[in-house]
Every structure is written in structure tokens, then in C-alpha cells.
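Note sheet for the following structure.
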Amino acid sequence: MHNEVIVSPTCPKRVPWNNGKLTGAKPPLRPKHVWAIRTKLQIEGRVRDLAMFNLAIDSKLRGCDVVAIRVEDVAAGGYTADRATVRQKKTGRPIRFELSEQTRQAIDDYLKATNKKSGEFLFTGRRGPQINMTTRQYARLVSEWIGSAGLDPRLFGTHSLRRTKATLIYRRTGNLRAVQLLLGHTKIEGTVRYLGIEVDDALAIAEQVDV
């Protein structure tokens, strides 16, 4: 009598979604990198990308909110306003943000070049003029911009743009409450975690205050 060995079929090994990817909080851009990206986009005449990059930096919005912006959200009167309000997709709450002069100029140039009207999405993708750009398309653009500044796209992402101005404001003022409002966080603890504030940061701020 022969002994039979039954070998069960092996299941294909499942590849983790983050295989080969660097995960974790994406660091903000430094001012010199922001200017490097802006300069390159200006030289190359990429009016859409320049408007989108500047708006992402100023608005401090999540990627899903950046791509959902409509013309009237920032330029209801035909020209870009000093301040704008959009409703966040994640929380459903409105958030206000400022638009710098260079951002307003970039958006105005983009609107003039594309002849976009109120009611239309500000940034559209490959799916047609009536459909907004996808977050995936936006992420690919961000990776391209990051690479053009000599940085590793794997280390940065769309949240790097969201965190850039917020981090700079915190470092210059130490005002967590202001940053919390600008980011649209419900709890200040969330802002602390988001900015990666450590005890040393808090102590450095405390040392500047005399009672």
C-alpha cells in the first residue's frame, strides 16, 4: 500500500497596499521649495498648475476639497476675491481662507485663459469639462511638482501642500488656535498631532512669555 501525500493548493500571497511605499505623515514644503515650484510653473507657462498650486498652499484644503472648488467659490464677481469659503467634504462644515495677491493673479490669468464661468468646476480633468479633476490626478500633479523642486515625491504628498502654510504660521506665531481654525479642525489636539508639535516646541513658546 502506497502512502499518498496530499498537498493543498497554496493561496497567492496578498501584496499589501502600501508595499514599497513610504507611509506616515507627509512633511510640509519649505518656502524655498514653494518658490522653486512656482518659478518653474511660471517659466513653463502652466497657468492651470500655477493657479492650482498657489490655491492649494493658500487654502490649506484637503485634496478632495481642492479639486471640488467651483469658479464662484473664489471668483463670484468675475475676479478672484481676497477671501473665500468652501464646505469641507470630510466634515461638512464651511471653512474660510485667504488668497494672496499672487494667488489671485494666478487664478485670474487661468480664468482668462480658459474662459471658465460661474457654475463650472475650477479644475477639470480628462473626463470632460463638466467633471472636476479626480484626487488621483491631483496627487499625480503634486508628485510632479515635488519632483521638479528636486525633492523625492515618495516623501511628500497632497497633505504637504495643506500643511505648508499652516506650519509656517505656527512657527512664526505659536498660535495654535489660529492654525486650528485655518485647518478646520474640531479639536486643538488634532491640530497638535497634525503639525507634529513636540514638548520642546511647546517649551520654546512658553519661554518667550513672561508673566
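The values are calculated or read from the model by the stated rules, or taken from the named source; none is laboratory data. If you're wondering where the values come from, they're calculated on a predicted model, not measured in any experiment. Cβ sites come from the backbone with ideal geometry, for glycine too, and all protein chains shown count toward neighbours.
Considering each residue of the range 91-105 in turn, none proves to be buried (at least 17 other Cβ atoms within 10 Å of the Cβ), among the hydrophobic types (A, V, I, L, M, F, W, C) and touching a Phe, Trp or Tyr at 6+ places or on another chain (Cβ under 8 Å). If the condition is being touching a helix residue (DSSP H, G or I) at 6+ places or on another chain (Cβ under 9 Å) and part of a helix (DSSP H, G or I), then the range 119-142 contributes T135, Y138, A139, L141, V142.
When each of A36, A68, A51 is tested for being assigned to a helix (DSSP H, G or I), at pLDDT 95 or above, buried (at least 19 other Cβ atoms within 10 Å of the Cβ) and not β-branched (V, I, T), the lone residue that passes is A51. Would you confirm whether any residue within the range 64-80 is more than 21 Å from Y138 (Cα to Cα) and in contact with a Phe, Trp or Tyr (Cβ under 8 Å, 6 or more places away or on another chain)? No, because not a single residue in the range 64-80 is more than 21 Å from Y138 (Cα to Cα) and in contact with a Phe, Trp or Tyr (Cβ under 8 Å, 6 or more places away or on another chain). Scanning the range 71-105 for residues that are out of contact with any Asp or Glu (no Cβ under 9 Å at 6 or more places or on another chain) and assigned to a strand (DSSP E or B) returns P94, R96. Of all residues in the range 48-64, count the ones that are under 9 Å from the mean Cα position of the chain (by Cα) and of a type in the set (D, E, K, R). So the answer is 2.
Please indicate, with yes or no, whether at least one residue in the range 19-26 is touching a Gly at 6+ places or on another chain (Cβ under 8 Å), outside any helix (DSSP H, G or I) and within 27 Å of L155 (Cβ to Cβ). Yes: the range 19-26 contains one or more residues that are touching a Gly at 6+ places or on another chain (Cβ under 8 Å), outside any helix (DSSP H, G or I) and within 27 Å of L155 (Cβ to Cβ).
Confirm whether K116 is without any contact (Cβ under 8 Å) to a residue 40 or more places away in the chain, in a loop (DSSP other than H, G, I, E, B) and in contact with a helix residue (DSSP H, G or I) (Cβ under 6 Å, 6 or more places away or on another chain).
Taking the combined requirement at face value, the residue does not satisfy it.
Take the residues in the range 173-195 that are assigned to a loop (DSSP other than H, G, I, E, B) and not charged (D, E, K, R); name whichever of them is surrounded by the most Cβ atoms within 10 Å (Cβ to Cβ). The qualifying residue surrounded by the most Cβ atoms within 10 Å (Cβ to Cβ) is G184.
Within the range 122-139, the set of residues being within 12 Å of M52 (Cβ to Cβ) and not aliphatic (A, V, I, L, M) comprises F123, T124, G125, N132, Q137, Y138.
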